[in-house]
Every structure is written in C-alpha cells, then in structure tokens.
Amino acid sequence: MFNRAQGGVPVSVRAEPTSLLKLIAGEFALRVARLWPAPHEPFLAAPAERRHLLCLAFALGRDGGALARTILERRLPLAITAAVGGRATGLARAVGRMGDCAWSGEAYRQLLRLLADPKAAKVLRHAERIEQDVVEQLASLPPPMANAAQLALRLDRSQLELLAEAYQALCFQSGQVKADMIAARWSRFETPKALFAAVKADLCPEPAKPPRRGGLRLRPLSSKADFAQAARRYRNCLADQTPYAASGWSAYYEWTGEPGAIVEIGRDHIFGWRLEQARLADNRPVPFEVREEIVAELALMGVHVGRSGWELDRALSRFDGDWRPPSVEEVVAEAFGAE
C-alpha cells in the first residue's frame, strides 16, 4: 500500500495531486501525492481524523512517510503519539470533530497550543464541531481570555489585533501578573462595544495627584471612579479626559456650589496652572455670577484665569503686525463657555 514506485512514470507526474486531493489535503496535497500517487486512495479512503493527524504531523515538520502507516492504521492513541511525538491531551476527541478538509499548518499548531491551555481546552472539549476559524479566533485572544469563544467570534481580525496590542500595552504598563488578572475579566463581556469600553478604561492609569488641594467649593477629581461618576452626573465626555489627567497635563475639579460645574485647569509654562474651561451639566455655559465665584476660588488656589502663556508669548512675538489677539475678557468668557 505504501509502495511509491510506478515503473517508467516520471516522479513529477506521479507526485502531481489531483483536484480532489488539493481540496481535501489543502497545503499538504503535494506531500500526500509524493506518498501515494493518483488516485491517492490510501489517504482519501482514510477516516477524516486520520487524515488530520497526518497533516498535523506534516505541520509539525515530522517525517510523514515514515509515520504514515502508524498514523493511518494503528490504534488512535498510537497514531496520535506518532503524529505529535508524544501525548496531546484532548486531541483524540478533537480530530473527530474537525471536518473533512485539512486545515492550515498554523491552525494545526494553534490547536495544539489551545489544547494545552485548560481554559481554551474546555471550550474546545464542549464544542460539537471544531472549526478552523474558531481555533484561529481563540488563538488570537490574549491568553487569559482563552475561554471567551463566543466573544472571539464576534470580533474581526483588526479588532483581535487591537485587543492583542492593548493586552501587550497592559503587560508593559502593569506587569504580566496584573495584566493577566485584568485581561481575565475582559472575557466576561458579551459584546465588542462593552469589551473595548472596559479595555480602554483598564488601560488608562489613574489620574496624577491633583496639583492643588481644592477650595471650599472646588473638589478635586482624583480617581477614575470620580471621573466616571461625574461624567454620569454632568452628562458629558469627562470620562474620556482621564488620559490628560493621568499624564499630569490637566487636572479636574467639581464646583460643588449651585449650579454644579466641572472645571479643568492645565499646565502653563508661564503661569504654572491656568483655567482651561468650566462647564455645567450637558456642557452648558457657566452663568456670569457663578463665574466670578469660581474665579475667586481659583485665585485662592494660585490658578491663573486669563490668557495662556502660549497666547501671551505669541502676542508678544507679533506686536508690530496687523494681528490683534482677543482680549482677556474674551478669553475668560470662552473658557466658561460663552458664545
């Protein structure tokens, strides 16, 4: 059955795979054809699980010719040992549910890696049918998310790549152990929208320590939880500002007087800290009488209200031209949301 000699027929002809073999054996068709010339009956007549094992052996760089008889004819445990060079827990069950056609070499290698992971192996063990795309999706997830099969199938390739990039960034930022703990929580989300909202929140560090303690009615927002709660109360995009707070370039305070407002101050190369903006809920402008109260309390905190150092520097460098900067009053009014 394994005699590859066909007297007088050129090797190039004997090794040419048929269309059917190309369909069934995929990227391994030529290697199979070199073992069994057309019509490739020993391979095509073998059970699908045995064909998968032989292709798996090829994917692992093993000598298919030397192992072919064992893989196709011996008991399944012996065939598996021959194919992978040792034991592979879960592979006996898996190869019986992988369909009729060969997978890619990389997908076979990914399957073995997933079967060695307890979380991923559990998902594959309970699957009625194991598809190559499922394995590829699972393999693309960060390792702590190996059990998130249903979520993985909702993500496209670019989303999976983005998720992997975020996980690597988290490892860089927090270390492997903490990153794995955080990423394990990501597998609980059911939709890409909820997943990426959580990833974004987890990746952003806590805000830097506020540069000023605050005042009687200006309370510093000093944690991501503070930002999230204030964003809900004021119905604005404050939660998206945490990267600026984390970098230390901006700090945020809540005006606890009536009506409440969110106040942002920013670093300034001349004034140290300067009022950037203040807004009521729904990003409405701050009434004039409340502006005066906020300005007075910012002054007590040593925060400048007026033209920025950059704007002042720009104005000084263009003093003899036709350009005229906006007045300080206009700058302050804009900071409080005036049209």
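Bear in mind these aren't lab numbers, they're just calculated from the coordinates by the rules spelled out. As the structure is a computational prediction, the values presented were derived from the model and not from experiment. We place every Cβ from the backbone using ideal geometry, glycine too, and count neighbours over all the protein chains shown.
Structure data summary
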| quantity | calculated |
| --- | --- |
| Centroid-to-centroid separation of region 155-176 and region 75-105 [C-alpha atoms, Å] | 31 |
| Non-local Lys pairs in the chain, i.e. 8 or more apart or on different chains, that have alpha carbons under 18 Å apart | 4 |
| Neighbour-count order for W323, W249, W273, W103, fewest beta carbons within 10 angstrom listed first | W323, W249, W273, W103 |
| Over 26 Å [Cα-Cα, region 1-129], rounded percent | 20 |
| Expected 222 nm ellipticity per residue - DSSP helices of 4 or more, -39500 (n - 2.57), all of the chain, to 500 | -15000 deg cm²/dmol |
| Alpha-carbon Rg with Dmax, taken over region 294-337, Å | 12.4, 37 |
| Within the chain: Cβ-based charge dipole about Cα centre, in debye rounded to nearest 20 (Lys, Arg +1; Asp, Glu -1) | 2160 |
| Rounded tilt (10° steps) of 157-174 against the dominant C-alpha axis of the chain | 60 |
| Order of M145, M181, M98, M301 under a 10 Å beta carbon neighbour criterion, fewest first | M181, M301, M98, M145 |
| Neighbour-count ranking [beta-carbon atoms within 10 angstrom, fewest first] of S140, S317 | S317, S140 |
| The chain: angle of helix 176-186 to the longest principal axis, Cα-based, in degrees nearest 10 | 90 |
| Tilt relative to the chain, helix 224-234 - C-alpha long axis, 0 to 90 degrees, to 10 | 60 |
| Debye intensity ratio in log₁₀ form over the Cα atoms of the chain, taken at each q of 0.10, 0.14 Å⁻¹ | -0.73, -1.07 |
